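Bear in mind that the values in this text are calculations on the coordinates, not laboratory data. In this text the structure is predicted, and so the values were computed from the model without any measurement. Please note: Cβ atoms are built from the backbone with ideal geometry, for glycine as well, and neighbour counts cover all protein chains shown.
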Amino acid sequence: MDKTDALYNQWKALQPLSERKQYLFSQRFTVEYNYNSNHIEGNTLTYGQTELLLLFGKVSGEGNLNDFVDMKASLVGMKMMESESATRNPLTQNFIRQLHKTILREDYTVYRNLPGGIQTSYTIHAGCYKTRPNSVITRYGDRFEYASPEETPALMADLVDWYNEAEQSGKYSPPELAALFHYRYIRIHPFEDGNGRIARLMVNYILSRHGWPMIVVRSRNKNEYIDALHLSDIEIGPAPSARAHATLAQIKHFLNYFKKLVAAEIKYAIDFATETSPDVWWYDGQRIAFRSPSSRIILQTMRQYPDCTIEFIAQKAGIVEAAVKKQLRQMTNKGYVQRREKDGEWHVLAAASV
């Protein structure tokens, strides 16, 4: 039994969580998953803006309107994925296309300026496979070609058929099944936009379907994620069709990365579920153990009284105002709290699990 399986068994033994713990855990996952998956793709909303939007339906601060709309659509897509994973229906291409249509919402046109003042444009079709070739310039400077539009329908049919057969066979563990599906899917890159978001939704569809906790690919670890895919690409070679039919042995670099990711996320879930100290809080996958009870009191006070003054916080915490200001600077710099410019109210982003 490897580390990932051992942690999964620990998590399974904790089920069912108390209603309170499950509620808090679900809220944390909702914010962390949607923030990170969209941030990887360039969404500019902050962690705080994401939490306010998804948990409270509020818009705070400046931001691109499309980023707010995309984040809301991401939440709908996540709920759609969770609902479908709870069924025993076989995976279909139609579900993947509907998921894509949900997160993209509608067709839109992309305009580009070429040398010589020439402008060109093309349309991104929500829920439809690509109609034009797509590629990417990697961070290593080389061009990476995905499957052609002509190849895509057949490769996606192969992928879905393979998944349904592999799931029934029991040949792979859920993390292995999710990792191999992710690699094959992302190397087909069937849509003109949104492929990374769909790949991460499908990973959680597979894990959840088999009773494993869902995971977050943290945007701060984006390069590690991309490097793991790249190393497997080198192993397999440049042909898109070969990558779309990769074996587990061929993606060993990505599989090793993915199993470590799953293990880390399950450990985080176990720690969150079993924590009993009020002085331990959580922020974007990180455990925060405050050394002084005054830190916890400051956060609790700001959460209960968002418009509180420094003087009021100092009285509640039993420390001087200078000490409160110092702790607030540190917490703000780390992203645990923020003060909204519009109304001056405090927004506590770190969360307690008790």
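Apply the Karplus parameterisation 6.51 cos²θ - 1.76 cosθ + 1.60, with θ equal to phi minus 60°, to every residue of the range 337-354 and state each ³J(HN,Hα) to the nearest whole Hz, in sequence, with x for glycine and proline.
Running phi through 6.51 cos²θ - 1.76 cosθ + 1.60 with θ = phi - 60° gives 9, 8, 10, 6, 5, 4, 10, x, 7, 7, 10, 8, 9, 5, 10, 7, 10, 10 Hz.
Points 7 angstrom from Cα along the Cβ direction at residue 166 and residue 62: gap in nanometres?
Those two pseudo-labels are separated by 4.6 nm.
Note the full-extension length gain between residue 227 and residue 86 as 0.36 nm times their separation in residues minus their Cα-Cα distance, in nm to one decimal.
Details: separation 141, 0.36 × 141 = 50.76 nm, distance 3.21 nm.
Between residue 227 and residue 86, full extension yields 47.5 nm more.
Equivalent ellipsoid semi-axes for the range 173-315, as square roots of 5 times the alpha carbon gyration tensor eigenvalues: give them largest first, rounded to whole Å.
Details: eigenvalues 333, 50, 34 Å².
Over the Cα atoms of the range 173-315, the ellipsoid semi-axes are 41, 16, 13 Å.
If you line up the Cα atoms of the range 253-318 on their principal axes, what length do they span on each, largest first, in Å?
54, 22, 17
Would you list 291, 187 from fewest to most Cβ contacts within 10 Å? Write down the numbers at each step before the final one.
Working: 291 7, 187 28.
Result, fewest neighbours first: 291, 187.
Report the percentage of all Cα-Cα pairs in the range 280-352 whose separation exceeds 19 Å, rounded to a whole percent. Could you put the intermediate results ahead of the total?
Numbers: 654 of 2628 pairs.
The proportion of pairs with Cα distances above 19 Å equals 25 percent.
Would you calculate the separation in nanometres between label points at residue 137 and residue 289, each defined as 7 Å from the Cα along the Cα-to-beta-carbon direction?
4.6
Per residue, how much space in cubic angstrom lies within the convex hull of the C-alpha atoms of the range 77-122?
Details: hull volume 3.9 nm³, N = 46.
Given the Cα convex hull of the range 77-122, per-residue volume reads 84 Å³.
Within a 10 angstrom radius of the beta carbon, how do 243, 139 rank from fewest other beta carbons to most?
139, 243
Counting each pair of different Cα atoms once, what's the Kirkwood radius of the range 1-150 in Å, rounded to one decimal? Write down the numbers at each step before the final one.
Details: mean 1/r = 0.0530 Å⁻¹.
Its Kirkwood hydrodynamic radius stands at 18.9 Å.
Treat the count of other C-beta atoms within 10 Å as a stand-in for reagent exposure and order 337, 320 from fewest to most.
On the way: 337 22, 320 10.
Final ranking by Cβ density, sparse to dense: 320, 337.
Run through the range 6-65 and list the GluC sites (Glu not before Pro) located in a DSSP loop whose Cβ has at most 11 other Cβ atoms within 10 Å.
Numbers: sites: 19, 32, 41, 51, 62; in loops: 41, 62.
Filter output for the range 6-65: 62.
Round to the nearest 10 and give me the degree value, 0 to 90, for the angle of helix 222-236's Cα axis relative to the longest principal axis of the chain.
20
Taking only C-alpha pairs under 8 Å that are 6+ residues apart, what is the relative contact order of the range 275-342 in percent?
On the way: 46 pairs, mean separation 13.6, N = 68.
Result for the range 275-342 is 20 percent.
Can you divide the C-alpha Rg of the chain by 2.2 N^0.38 Å and report the result to two decimal places?
On the way: Rg = 22.2 Å, N = 354, 2.2 N^0.38 = 20.5 Å.
Dividing the Cα Rg of the chain by 2.2 N^0.38 Å gives 1.09.
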